[in-house]
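Note sheet for the following structure.
The values are calculated or read from the model by the stated rules, or taken from the named source; none is laboratory data. Since this is a predicted model, take the numbers as computed values, not measurements. Every residue, glycine as well, gets a Cβ built from its backbone with ideal geometry; the counts of neighbours run over all protein chains shown.
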């Protein structure tokens, strides 16, 4: 995350940046009312071998495009929504949820000729037993025209538009035509079951999941294979089919893959989740990606934040929302997360038993910049588990001089741990990581720089137990020394005029 210097700054800076920008975002799409009916199971019914759920609690939430809108509002955006509901109890309930969340619903049409799309989950104990979907078989032309008539006003003055097309038919036909004819805002994001259907819109970003990408490519993306590698190999086809400047393929537990027409690539990795009732993480992801990008953050930083937001909600039951405060707490929780030798060794042993390949790299990682994040993403892709060993403050001073590090060890560890590509962070105090290498015996030791493996004194140690050394890309225009020099040069005139 370029320019983010410590975890305290990161955690506080995220909500501040989006809140100060307060981007205006219009969501156009298929709105849904989600219901979660929870109860206990103590018997089976006599008519069939089916459990009886005694419902004790009914909860409702915005779903689909409405969930994206609520998440955007929680992240500090000014949100309008344009979509279609029935003039029924479910539609009125959904409108109330959106209004309470601060979403402008003047673009939301309530029509007597349709039913509001609903998805009700019946939960017994901690298990979803059944989902009841009520989706209109078709959208009357007159209703679609009413929505289309509100598109131009809803988009006017927006910093971004998000198109949420989940296949109900509400945003095809007249609505799609209205979007194509409207003056586009600076940022257009398409979240669609069929992104190729929106290629004429020339979106800035599309966010297909693995199944949607596989349909475009007419291939199967097997969860047991390297899906990220598979979509990266066919990036040109995805970009051409969607007409987008950037494609972000979401791969649930495998994180995301970003590639652009400008040849930029980026990966994120999801934090493991055990919550079986979580729903709507994709809506949260799209909302955070859009809010961050509309607030002027770099695309790769926006993607990292979106992954973090999705990680928040997948650990919660039901259809939930990630606010700026939730995101700040989540990112701040990575402070002081460096593992001791015994704890790290125990976790590595468990990972090895699971057949995972261990990658180790090390460095000071002081004043994190794009060169660092690019390097760490490359290192992660060499294996399954990435361990980053940080020089402690004393060893940084010995290596870099008495005025370094800029950021203390706890802050450096917190920022590195917050990156989705990093699995474990540890610390070493020696001048070389050789003692740590001997203790961990990584499958791969990764190092960045403009030298060869033969030049490293760590190489024979790694190879002695069957490991290999990989030298990753050196980014000469990106260095901590250059960043620090620029900061100090910029600060000098102000310091001279200070009282």
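Restricted to the stretch 281-339, the set of helices (runs of 4 or more DSSP H) holding at least 2 residues that are under 23 Å from residue 34 (Cα atoms) and modelled with pLDDT of 90 or more comprises 281-294, 299-313. Restricting attention to the stretch 360-412, the residues that are more than 23 Å from the chain's Cα centre (by Cα) and at negative phi add up to 26.
In the stretch 119-135, the condition of being at pLDDT 95 or above, closer than 23 Å to residue 282 by Cα, within 28 Å of the chain's Cα centre (by Cα) and outside any strand (DSSP E or B) is met by no residue.
Hey, can you tell me all the residues within the stretch 66-92 that are in a strand (DSSP E or B) and within 21 Å of the chain's Cα centre (by Cα)? If you could, list the steps in order and put the result at the bottom.
Looking only at the stretch 66-92, we keep the residues that are in a strand (DSSP E or B), and these are 78-86.
Correct list: 78, 79.
Here is a check on your reading of the model: is residue 95 farther than 20 Å from residue 279 by Cβ, assigned by TED's automatic domain parsing to the domain that holds residue 170, part of a helix (DSSP H, G or I) and touching a strand residue (DSSP E or B) at 6+ places or on another chain (Cβ under 7 Å)? Yes; evaluated as a whole, the condition is true for this residue.
Within the stretch 474-489, identify whether any single residue is outside any helix (DSSP H, G or I), closer than 23 Å to residue 304 by Cβ, at pLDDT below 80 and in contact with a strand residue (DSSP E or B) (Cβ under 9 Å, 6 or more places away or on another chain), and answer yes or no. Yes, because at least one residue in the stretch 474-489 is outside any helix (DSSP H, G or I), closer than 23 Å to residue 304 by Cβ, at pLDDT below 80 and in contact with a strand residue (DSSP E or B) (Cβ under 9 Å, 6 or more places away or on another chain). In this structure, residue 362 does not satisfy being crowded, with 23+ Cβ neighbours inside 10 Å and outside the structural domain of residue 271 (by TED's automatic domain parsing).
Within the stretch 338-349, residues that are within 12 Å of residue 439 (Cα to Cα) sit with their Cβ atoms under 8 Å from residues that are part of a helix (DSSP H, G or I), at 6+ positions apart or across chains, in these pairs: 341/439; 344/440; 345/439; 345/440; 348/440. Residue 405 passes every criterion in (1) under 28 Å from residue 349 (Cβ atoms); (2) part of a loop (DSSP other than H, G, I, E, B) apart from (1). Scanning the stretch 84-104 for residues that are more than 27 Å from residue 296 (Cβ to Cβ) and touching a helix residue (DSSP H, G or I) at 6+ places or on another chain (Cβ under 8 Å) yields 84, 85, 94, 97.
Within the stretch 107-130, can you find the residues that are touching a residue at least 40 places away in the same chain (Cβ under 8 Å) and either out of contact with any strand residue (DSSP E or B) (no Cβ under 7 Å at 6 or more places or on another chain) or not assigned by TED's automatic domain parsing to the domain that holds residue 280 (or both)? Within the stretch 107-130, 126, 127 qualify.
Checking every residue in the stretch 148-160 against the condition of being assigned to a strand (DSSP E or B), buried (at least 23 other Cβ atoms within 10 Å of the Cβ) and touching a strand residue (DSSP E or B) at 6+ places or on another chain (Cβ under 6 Å) gives at least one match.
Within the stretch 242-261, how many residues turn out to be assigned to a helix (DSSP H, G or I) and either crowded, with 21+ Cβ neighbours inside 10 Å or not assigned by TED's automatic domain parsing to the domain that holds residue 187 (or both)?
Summing the residues that are assigned to a helix (DSSP H, G or I) and either crowded, with 21+ Cβ neighbours inside 10 Å or not assigned by TED's automatic domain parsing to the domain that holds residue 187 (or both) in the stretch 242-261 gives 1.
Going through the stretch 167-179 one residue at a time, which ones are buried (at least 21 other Cβ atoms within 10 Å of the Cβ) and either touching a strand residue (DSSP E or B) at 6+ places or on another chain (Cβ under 8 Å) or outside any helix (DSSP H, G or I) (or both)? Residues satisfying the conditions are 168, 170, 171, 175, 179. Being in the same structural domain as residue 280 (by TED's automatic domain parsing) and over 17 Å from residue 256 (Cα atoms) holds for only one residue in 191, 222, 183, and it is 183. Scanning the stretch 195-226 for residues that are more than 18 Å from residue 285 (Cα to Cα) and in contact with a strand residue (DSSP E or B) (Cβ under 8 Å, 6 or more places away or on another chain) returns 197, 198, 201, 202. Hey, any hits in the stretch 204-218 for a residue that's touching a helix residue (DSSP H, G or I) at 6+ places or on another chain (Cβ under 9 Å), without any contact (Cβ under 8 Å) to a residue 60 or more places away in the chain, surrounded by fewer than 18 Cβ atoms within 10 Å (Cβ to Cβ) and outside any loop (DSSP other than H, G, I, E, B)? Looking through the stretch 204-218, at least one residue is touching a helix residue (DSSP H, G or I) at 6+ places or on another chain (Cβ under 9 Å), without any contact (Cβ under 8 Å) to a residue 60 or more places away in the chain, surrounded by fewer than 18 Cβ atoms within 10 Å (Cβ to Cβ) and outside any loop (DSSP other than H, G, I, E, B).
Restricting attention to the stretch 45-54, which residues are assigned to a strand (DSSP E or B) and either surrounded by 13 or more Cβ atoms within 10 Å (Cβ to Cβ) or not assigned by TED's automatic domain parsing to the domain that holds residue 80 (or both)? I'd like the intermediate steps shown before the answer.
Step one: filter the stretch 45-54 for residues assigned to a strand (DSSP E or B), giving 51-54.
Within the stretch 45-54, 51, 52, 53 meet the criteria.
Of all the listed residues (35, 63), the sole one being surrounded by 11 or more Cβ atoms within 10 Å (Cβ to Cβ) and within 21 Å of the chain's Cα centre (by Cα) is 63.
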